[in-house]
1. Please find, among K213, K266, K270, the residue that is at pLDDT 95 or above, over 22 Å from the mean Cα position of the chain (by Cα), of a type in the set (K, R) and surrounded by 21 or more Cβ atoms within 10 Å (Cβ to Cβ).
2. State which residue is farthest from A220 (Cα to Cα) when the search covers only the stretch 23-49 and only residues that are within 16 Å of ligand 2 (Cβ to nearest atom) and not in a loop (DSSP other than H, G, I, E, B).
3. How many residues are away from ligand 1 (no atom under 16 Å from the Cβ) and either in a helix (DSSP H, G or I) or touching a residue at least 60 places away in the same chain (Cβ under 8 Å) (or both) when one looks only at the stretch 368-396?
4. Might you let me know whether the stretch 274-288 holds any residue that is surrounded by 20 or more Cβ atoms within 10 Å (Cβ to Cβ), without any contact (Cβ under 8 Å) to a residue 60 or more places away in the chain and closer than 15 Å to R223 by Cβ?
5. Mind checking which residues of the stretch 274-293 are under 23 Å from R203 (Cα atoms) and within 24 Å of the chain's Cα centre (by Cα)?
6. Among the residues of the stretch 89-126 satisfying the criterion of being under 21 Å from V26 (Cβ atoms) and aliphatic (A, V, I, L, M), which is surrounded by the most Cβ atoms within 10 Å (Cβ to Cβ)?
7. Just to be sure I understand the filter: pairs with C-beta atoms under 7 Å, separated by 6 or more residues or on different chains, first member in the stretch 245-264 and under 16 Å from S218 (Cβ atoms), second member among the aliphatic types (A, V, I, L, M) and in a helix (DSSP H, G or I). Which pairs pass?
8. Pairs only if they're at least six apart or on different chains, beta carbon under 7 angstrom, first in the stretch 103-127 and outside the structural domain of A171 (by TED's automatic domain parsing) and outside any loop (DSSP other than H, G, I, E, B), second buried (at least 16 other Cβ atoms within 10 Å of the Cβ) and among the charged types (D, E, K, R); list them, first residue then second.
Amino acid sequence: MKIKFLGGAEEVGRLAIKIREKDYDVMVDYGVIPEKPPEFPLPPEPVKSIYLTHAHLDHMGALPVYYHEYDAKFYSTIMTANSMRPMLEDSIKVTNIEGYPSRFDIDDISSLYSSFQNVNYNETIVDGPFQVTAQSAGHIPGSTMWKFENSRSILVTGDLYTKETMLLNGARPQKADILIMESTYAGKNHEERDQVVKRLRQRVKEVVEDGGKVILPSFAMGRTQELIMILSDMGYNISVDGMGNGISGIYLHTPGFLRSQKGFSKSVGKVRQIRGRRMRESALDSDIVITTSGMLDGGPVLSYIEKLMNDTKSAIFLTGYQVEGTNGRSLMENGTIKIAGATVKPNMKLDFFDLSAHAGHDDLIDFVKQVDPEKVILCHGDNRENLLEDLSEFDVELPFNGHEFEVS
Ligand SMILES: [Zn+2]
Ligand SMILES: [Zn+2]
């Protein structure tokens, strides 16, 4: 078997893994690095099938570029297929607003859906020389680990989370000969999630009971819905704004992927979904606003912060990783953000809660030990070498983009 990373080997983002067996090529993911402008993987190479791990842009944001040139069957869960569409459409919008040359258009997005093949969790399909099985990756709803089997088995995790959250069950390790695993959090562990959730609820309570509002900048997919579940039973008024509402709708209408469909539906029923400008004007009547973008680089969140900027009783609570160069990172480091080109310093409370959907260092090590492979191939990380010491009993490979190598 031969493996070639077209992207995402030594970096977080634009994952694209080509797997070749007996002249039969398949690919896992074809994503971008959602920078400004977005960075694409190496040019597409024709394959028979593309397997998507999940609906984040760093795993599927370049897929329409592939279909612009070639055709291939595209396999994913129905949840991934449904929830990636608004993300791809939004990425065209962002490209237009920022004025970058567009690599694909709305027709390319439509055309890739004609190649879509649904695979359910625990289902095995036959594709050329491979038997392919889908398992939950625990990262966001619909996220999938793919296992390819012929004489050897190869497990590709995509983004991985192994613990239970309010929204999802954790990924379960599967035995495999070769493991291709993400390593975003190599060298870093998370605070216990139960503790983070407890502290978040406590801090929200303090702010609201003191007469302030809580702004939760949040990713549309997964995080918004988890926050709704964490906070909806506290008896406070919650408004949800931005693309997260559309994604919640997709989660509600695509059953079979959440820990509790009923629980989620009940929680969503308790929040007010902000649709349109007029509703937005009254959103701050709520105690809590959950809204995009998660890194404060646009979206309704900025208008809310602008209004509350001098309200020392109110708070901004970040719950996700803030990429370098974003407003969110600047807020964490210097307390400042840019709104419409001007640098401002919100005079509000600020706190960070680590609700990451990526397995921490120790969780990754545990996962490898349970898969117990003969070879571990680490990707999707800036600091992959931090895992080497704890994986010394395994044969570990740190591949680079564009370099094809043989595994046996
Ligand atoms: Zn992801
Ligand atoms: Zn990723």
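The values are calculated or read from the model by the stated rules, or taken from the named source; none is laboratory data. Computed from a prediction, not measured in an experiment: that's the story for all the values here. Cβ atoms come from the backbone with ideal geometry, glycine included; neighbour counts cover every protein chain shown.
1. Numbers: K266 fails: surrounded by 21 or more Cβ atoms within 10 Å (Cβ to Cβ); K270 fails: surrounded by 21 or more Cβ atoms within 10 Å (Cβ to Cβ).
The match here is K213.
2. Initial filter on the stretch 23-49 (within 16 Å of ligand 2 (Cβ to nearest atom)): 27-35, 38-41.
Among the residues that remain, those that are also not in a loop (DSSP other than H, G, I, E, B) are: 27-28, 33, 39.
Working: M27: 26, V28: 23, I33: 17, E39: 21 Å.
For the stretch 23-49, the residue satisfying everything is M27.
3. Restricting attention to the stretch 368-396, the residues satisfying the condition of being away from ligand 1 (no atom under 16 Å from the Cβ) are 368-378, 383-396.
In the following step, the residues that additionally are either in a helix (DSSP H, G or I) or touching a residue at least 60 places away in the same chain (Cβ under 8 Å) (or both) were identified as 368-378, 383-387, 389-391.
Total satisfying the criteria: 19.
4. Among the residues of the stretch 274-288, not one is surrounded by 20 or more Cβ atoms within 10 Å (Cβ to Cβ), without any contact (Cβ under 8 Å) to a residue 60 or more places away in the chain and closer than 15 Å to R223 by Cβ, which makes the answer no.
5. Initially, the stretch 274-293 is screened for residues under 23 Å from R203 (Cα atoms), giving 283-293.
Across the stretch 274-293, the qualifying residues are I288, V289, I290, T291, T292, S293.
6. Of all residues in the stretch 89-126, those under 21 Å from V26 (Cβ atoms) come to 108, 111-126.
Within this subset, residues satisfying the condition of being aliphatic (A, V, I, L, M) are 112, 119, 125-126.
Working: L112: 25, V119: 21, I125: 16, V126: 8.
Within the stretch 89-126, the match that is surrounded by the most Cβ atoms within 10 Å (Cβ to Cβ) is L112.
7. S248/V268; F264/M229
8. If the second residue must be buried (at least 16 other Cβ atoms within 10 Å of the Cβ) and among the charged types (D, E, K, R), no pairs are left.
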